[in-house]
Each structure stands twice: as C-alpha cells, then as structure tokens.
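What follows draws every value from the coordinates through simple rules; no lab data is involved. None of the values given here were measured: they were computed from a predicted structure. Virtual Cβ from ideal backbone geometry, glycine too; neighbours counted across all protein chains shown.
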Amino acid sequence: RRWYKALDPLLKNYYGTGGDLNVDEIHEVIPYTLANDLQHPQQGVVQGHFGRSLREMRIAQLREGVSLPVHDRELSPLHPLAPQRTYTVADLITGWGVAESILSYYAHRAGAVLPVDGEGSWILQGHSAFEGRKVLIQGWGNVAATTAYYLCYAGMRIQGILDRDYGWLATSGEPMDLAQCLSMLQGRLGNAMNPDQEGVEPRQAMEARFWQQKADVFVPAAASRLVTLDQINSLMDHGLELVSSGANVPFADPEIFMGPISKAVDERIALIPDFVANCGMARVFGYLMQENIPVNSRAIFKDVATIVRDAVGSCMPAVPSHSSEGGMTSLSVRAYAKALDQLMPSFKS
C-alpha cells in the first residue's frame, strides 16, 4: 500500500502498473490504487496519451475488461464439481497467451494455417501437431497452471510440474491429461500446489528427476532468474526442443536481455522470449484502450491469441534452421531484432 501511495503521482499522470508474481491484479492492485483515488492502474497511460474526451471511455473499458468474469466454458477452466468458481480475464489471459505461443510454434512448423472462419486460436482449433506432446511446467501459480490447462485442452500432456515446495512427475505412469490437469488446477492452495493431491511429492524428493525428464516443451513460469545452465542443458540433452518464457527473465542470467544462458538455449533449440510469450495482460491493456471495440471475453481472448500468433510466426523463417535436436534456432534473436526495428525504424540488424 505504501508503494502504490508513493507512486501515485506517476500513476495518475503517465505511468501504468498491474499484477505480478504474488501480486493479484483484482484483489490487490486495483483496490490499493483505488484507495488513492486512481480510477484504474493504467490511468496514467491513458492520461498521457489521450485527450480528455477519450480518457473516461478508455478507463471505463479498462475497469470493465480486466475484471470481466469469464463464463465461457471453452475459455475458462470451469470444473463440473465446482461450477461456482469464477475466473476473470486477469486470472487467465497470461497463461492463454503462453499456451498460444507454444501451439503457434508447432502449427507454423507444420505449415498449418487457421481457417478464416475458425475459432481464432490454436487452443480452440486444435491440430494433430499438438497431440501427445509432453510439457514440463515450472511453477503452479495462475500463469503456470492456466498454461498447462490450455495446452492439455489443445491435446498436449503434462510430463512434470515443479512448484516452490512440491511437484508432480509422470515417471511412474501416463502424462497428465486435461481432466487431471483441471483437478490439479482447481485443487490449488492459493497459488501453490496442494500436497494432498494424487502423485504430488515434496520438491526435494523429485526436483533432480524433474530436470532429467524427456519432454518436448518447457515452460518456466515461476519467479525470475531461477533456471540454471546445468538444468536447461539437462533438459536439452534429454530431447527438449522448445522453451516458452512464462516468467520474465527465466534464466539465471544477470542480464535482462539475452544473457549467456538465454543465448546458449537460443542457439541450440527454439526459445520464445518473455515479451512475446507472456504479453497477454499487456496486450489486454492495449486492446481496451482502443475505440469501438467489443468488451467481452471472446473478443479479448481472440485478440491476444492473434497478437501472440502473429509475433511467433513473424520470428520463424520460411526456410527454418534446425538444430541437431530438431528445434528451430535463433527465434529469440529474430524476435529482438523485429522488436527493435518496430521501436526504432532506422535500426539495422
């Protein structure tokens, strides 16, 4: 509360904020800033960019859209035994974007194109390129758990989960399917894995085995700078071909942009950087600041899927360069080059 009070002049004039790791957008950021007479955590961005006549409309759209309950059963992980649990756009949208980035990678690699009259998302559309692919998840908060759910919805399976205190591995059985994933998500204790759920082990008993799993995809979606070079090398040695960064700066590099571990991964397999994979909430803010847009869950989720899908596709060459592991290399390098080119049109890679 003291932090938001100190930032109040910035937040009212030109700066925006939002939820983060262990900071809830709906239950903490919005009420804490509202107590300082801020109409919305993104009010400063609206104030700095738009005239008075447009500010109130955009702030109203932000207030409505971010907190919007998602009742659509294709978008929200509603459990048949717990139908009263309601998720909001803020709860789900980052995991939705991370999952879409992974599916977009495999769809593009397979030469697949979404039908013009289709669902607008690979999560909802599905494709044979997704079926049965194994995924490792680091973390079990909103981003990690919803990413896992949407990937299972599209046909992938969870090989292992490593949370702060507990974890789950499929070493003695089949990978986790959609029904199991939904149960694990709904059974969380706050934003943490429930140790009473089937197959859950203490972290110290299973962490070493987690980094030796054979999987197609790894989603680091816990805190920043956790993944060491030895850990990611072990996964790559066991056949990993794609990393999608659910966390900001997931590798244990001091650098924010492309430290030595990030570079090593990008040179060996496909690495979708954080500013592409987990841009979902930022894109929601951008979407809701537009004029004449529908403010409903379908429109918001479709917009985020489109932005993420186009970003991933634009970083994948028509004639891909594959590593010996079979992954597509230098994806992050191309993503940064394209981002810089958009920010500075005169930039030459």
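Which value, in debye to the nearest 20, describes the size of the charge dipole of the chain about its Cα centre when Lys and Arg Cβ atoms bear +1, Asp and Glu Cβ atoms bear -1, and nothing else is charged?
The calculation lands at about 660 debye.
Any chance you could give the angle, 0 to 90 degrees and rounded to 10, that helix 331-343 forms with the longest Cα principal axis of the chain?
20 degrees
Which residues' amide hydrogens lie under 5 Å from the amide hydrogen of S76, considering only partners 5 or more residues apart or on another chain, with H built in the peptide plane?
Sorted by chain and number, the residues that satisfy this come to none at all.
Could you check the spin-label model distance between T228 and R1? Points 7 Å from the Cα along Cα→Cβ, value in nm.
Modelled inter-label distance: 4.1 nm.
In sequence order, what are the phi-derived ³J(HN,Hα) couplings for region 129-138 according to the Karplus relation 6.51 cos²θ - 1.76 cosθ + 1.60 with θ = phi - 60°, rounded to whole Hz, with x for glycine and proline?
5, 8, 4, x, 5, 9, 10, 10, 10, 9
At a 10 angstrom cut-off on C-beta neighbours, averaged per residue, how do the peptides 124-133, 248-257 rank from highest to lowest?
Highest mean packing first, the order is 248-257, 124-133.
With everything on Cα atoms, drop me the angle between helix 297-314 and the longest principal axis of the chain, reported from 0 to 90° to the nearest 10.
Tilt of helix 297-314: around 60 degrees.
Quick one: H108, H71, fewest Cβ neighbours within 10 Å first, how do they rank?
Listed from fewest to most nearby Cβ atoms, that is H71, H108.
Picking from S172, Q159, V227, whose Cα lies most toward the positive end of the charge dipole for region 91-343 (charges on Cβ: Lys, Arg +1; Asp, Glu -1)?
It is V227.
Amide H to amide H under 5 Å from A222: which residues, 5+ apart in sequence or cross-chain, H placed 1.01 Å off N in plane?
Amide H to amide H, under 5 Å and 5 or more residues apart or across chains, A222 pairs with A247.
Run the numbers on the chain and let me know its relative contact order in percent, using alpha-carbon pairs under 8 Å that are six or more apart.
The normalised contact order for the chain reaches 16 percent.
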